[in-house]
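Step one of this worksheet: look at the structure below.
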């Protein structure tokens, strides 16, 4: 099975997000990822959207931990800066899992 085709910036950001979750990261499943090129007059980068499903007991608490303070978090991604990041409102699924969508803008250094 092959993984999703992610750009270097998207893969680095996803790793950084999962690293931030420490012991709970095994309960977070990537279900969708997309990136599109972005540019301004002086910068180039990518806009990213990740859809993550948090599973198991207390999924709501883990989803909250994933999204709380996200805008103020520091991320280290080789060759890229996270210029903007936000979690959209999470959604409770019928199976008890929580869907979290994260939007981000990375800019090449």
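Read-outs throughout are calculated quantities, based only on the coordinates presented, and are distinct from any laboratory measurement. What you are looking at is a predicted structure, and each value in this text was computed from that prediction instead of being measured. Because the Cβ atoms are built from the backbone with ideal geometry, glycine has one as well, and the counts that use them run over all protein chains shown.
Could you tell me how many degrees, from 0 to 90 and to the nearest 10, lie between the Cα long axis of helix 8-20 and the main elongation axis, the longest principal axis, of the Cα atoms of the chain?
Helix 8-20 and the main axis of the chain meet at about 40 degrees.
Give the distance, in whole Å, between the Cα centre of region 77-95 and the Cα centre of region 12-74.
4 Å
May I ask you to derive the relative contact order of the chain, considering only C-alpha pairs under 8 Å and at least 6 residues apart, and to give it as an integer percent?
On the way: 191 pairs, mean separation 30.4, N = 109.
Value for the chain: 28 percent.
Given a 10 angstrom Cα cut-off, can you work out which residue in 59, 33, 83 is the most mobile in a GNM of the chain?
83
Between residue 47 and residue 21, what FRET efficiency comes out of the Förster formula 1/(1 + (r/R0)^6) with R0 = 22 Å and r the beta carbon distance, rounded to 0.05? Write down the numbers at each step before the final one.
On the way: r = 22 Å, r/R0 = 1.02.
For residue 21 and residue 47, the calculated efficiency is 0.50.
Once Rg and Dmax of the Cα atoms in Å is worked out from the coordinates, which option in (1) 16.8, 58; (2) 13.9, 47; (3) 12.8, 36 does it equal?
(2)
Which of 29, 14, 66 ends up with the largest GNM mean-square fluctuation for the chain, with Cα atoms connected below 10 Å?
Of 29, 14, 66, the most mobile in the Gaussian network model is 29.
Subtracting the Cα-Cα distance from 0.36 nm times the residue separation, let me have the gained length for residue 83 to residue 95 in nm, one decimal. Before the final figure, lay out the partial values.
Numbers: separation 12, 0.36 × 12 = 4.32 nm, distance 3.43 nm.
The span from residue 83 to residue 95 would gain 0.9 nm if fully extended.
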